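**Q** This is the structure I have questions about; it appears just below.
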């Protein structure tokens, strides 16, 4: 309650601030591609204390002035005379990446966007796994042959496939609530990595625009509005792996008026396992932008993906130790699945003369999913085995609207944002079934799910002197309904609302030192089947978090960020899709320290590292039995990179995760690992060739790990021990890209 009271008081004070000043408006774009530049820093050239940053559309508003200086990472700074009567158009020319362009006194959002821009530019990626790894502190693991959504770890959470991390692309949600395989299932494989222009991210529940599932943090991808050149690329590597990619610019002229491009991506691999994965994935993507008028811009995106694969599943340690199977073997080679998703996303942005803007978005997704797994082998059925099928077909409908405006009070700026929207998920035949070699035997659960989420939010951000004070309030309303096809008794629908206050304050001592404090409430909804079967108890368990930190630039080429944080999670009920049961868990707390470092040795030579320390514990459990299974306690990611526009470029990167408890009393330990990867490319204006090496030391490592009770064929008694998916051994791939 105190969170809400404090936030409301701050918001009312900010809204009540009087006075307005005349302003100028501008739009910043890439001089080559005409792509809008988000988070560019705009400063009054005659009064550097008056500054702002551009939004996602490249727009900015600043108190009236004669000249502005505009800069952003990877572009030449420009000094521009403004036009007080109309929109000032500013084109920035691409240049070398320079860490000194990351400014502490700018808005926090623009600072994070600048860092992600650096990481994207110096570390080209080939798949969504590598995209997610660019998020500081975020670890992932794959354990189903490459076709299933990754297991995500962040801030001491094993968030499964997305229960506590919200993921979106171009404002469209990736997570799927009440999914057949787990709450918040975030399968981002429909994203073609080369289409991603920026990654916005945040740890903790402090962001007003991010609602359901934003407890440990959020990740928001945005794709290019248009591309500077077309591209055809082919790759090949070990394990009979190959990839083809094409990105074609359809409208090369008049990009200020309209633009369009398409992309296609096909992947195939047999994988390192003895049973071939026969993994196939096809991605298609298209985007069209139209400047409807001087004030209104329309963006339309269509995308689809489909994939199929076989998997070897998790391997029990005892079967490898006694020689029953190889480390890359399997107990049940009939695992695997297929999935597909089709997306349509329409965005309309209108700018007004006073600098305010109104954004409207409508989206639709069609999703199909089938997964075959066997986690316990012959524990429940000693004759046929325990293979299960999980599946569903889903439609997602969504609409959201956001209105933003700026008020100038002397040299201070008040940014006001108001938003509302609705999301509706409708699944058919969400099912859990017993199968043998993918052939149906009997249903365990089967039904149709209807889940609606209506929301509204507002935030007020005051930039005054060296202070930024941001207060927000969010209201979410949910309606849950489940039609059980295996029962004649239908349980009533359930509904619930939750209010989430947020408060962020930062103070810049000088251009080289900044302090910040964050406090907020977040939540994740529970699976509809849980909500209905438990008569609406614990529908929306809340998370309460606080961050206290500092950002330091002791030199222009060194950036450091240090945060100490705490997160409390209320009791929740979790739907365990693999078993079709409801598993309650108690309260938990997590506290930790995050350290982020970026250093630029020269114009072309960079280094970065992230260190994340966490102490996750269950509340109310006896000491020694209060560990949270699979919750990471220490992770680190970093590397050294050489980036040149032409000629040779490349880098060496590492990732490390420490041993961690796999069960509540730490008697079973999930093994940590250290991996080293490297890449080198030779780039010319018309082509690029490259070589990448993964797991250079050929380390034996476990990617996904679980403490599982299982029984092998002819075993008299079950055994609870570590089951794992073996990580990929040393792997090499080459690529050739042609630009035109």
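Quick note: the coordinates plus some simple rules give every number you see, no bench work behind them. Worth saying up front: this structure is predicted, and the values here are computed from it rather than measured. Neighbour counts are summed over all protein chains in view; Cβ atoms, including those assigned to glycine, are modelled from backbone coordinates with ideal geometry.
**Q** Kindly rank 205-211, 483-489 from highest to lowest mean number of other beta carbons found within 10 Å of each residue.
**A** On the way: 205-211: 25.0, 483-489: 11.0.
Per-residue mean Cβ counts within 10 Å order the peptides as 205-211, 483-489.
**Q** Note down the Stokes-Einstein diffusion coefficient of the range 556-713 in µm²/s, whole number, using a Kirkwood radius over alpha carbon pairs, 4 °C, and 1.567 mPa s. Each step should come with its number before you reach the end.
**A** Values: Rh = 19.1 Å.
Taking Rh from Cα pairs, D becomes 68 µm²/s.
**Q** Using the C-alpha gyration tensor of the range 312-462, what are the square roots of 5 times its eigenvalues, in whole angstrom, with the largest one first?
**A** Details: eigenvalues 514, 81, 32 Å².
Equivalent-ellipsoid dimensions as semi-axes: 51, 20, 13 Å.
**Q** Here is a follow-up. Cα centroid distance between the range 648-679 and the range 141-185, in Å?
**A** If you average the Cα positions of each part, the centres end up 19 Å apart.
**Q** Follow-up question, since we're still on this one. From the gyration tensor of the Cα coordinates in the chain, what semi-axes in whole Å does the equivalent ellipsoid have, largest first, with each one equal to sqrt(5λ)? Kindly include the intermediate steps, with their values, before the conclusion.
**A** Details: eigenvalues 346, 180, 126 Å².
Calculated on Cα positions only, the semi-axes equal 42, 30, 25 Å.
**Q** Go through 513-526, 22-35, 149-162 and give me the packing order, highest mean Cβ count within 10 Å leading. Could you put the intermediate results ahead of the total?
**A** Numbers: 513-526: 22.4, 22-35: 19.7, 149-162: 25.1.
Put in order of decreasing packing, that is 149-162, 513-526, 22-35.
**Q** Which order results if 370, 708 are arranged by neighbouring Cβ count within 10 Å, fewest first?
**A** Values: 370 18, 708 22.
Fewest-to-most ranking of 370, 708: 370, 708.
**Q** First check a/c for the range 590-645, with a ≥ b ≥ c the square roots of the eigenvalues of its C-alpha gyration tensor; if it is under 1.5, answer rounded, and if not, answer prolate when a/b is larger than b/c or oblate otherwise.
**A** Working: a/c = 6.73, a/b = 4.15, b/c = 1.62.
Here the range 590-645 falls in the prolate category.
**Q** Let me check I have the definition right: for the range 380-523, take the eigenvalues of the Cα gyration tensor, multiply each by 5, take square roots. What are those semi-axes in whole Å, largest first?
**A** 49, 20, 12
**Q** How are the Cα pair distances of the range 279-401 distributed, in percent, across 5 Å bins from 0?
**A** 2, 9, 13, 13, 12, 9, 8, 8, 7, 6, 5, 4, 3, 1, 0
**Q** Quickly rank 432-444, 131-143 as a protection proxy: mean count of other C-beta atoms within 10 Å, highest first. Don't skip to the answer; put the middle values down first.
**A** Working: 432-444: 14.2, 131-143: 21.5.
So the peptides 432-444, 131-143, ranked by packing, come out 131-143, 432-444.
**Q** Tell me, how many Å apart are the Cα centres for the range 194-266 and for the range 525-558?
**A** If we compute the Cα centre of each part, the gap is 26 Å.
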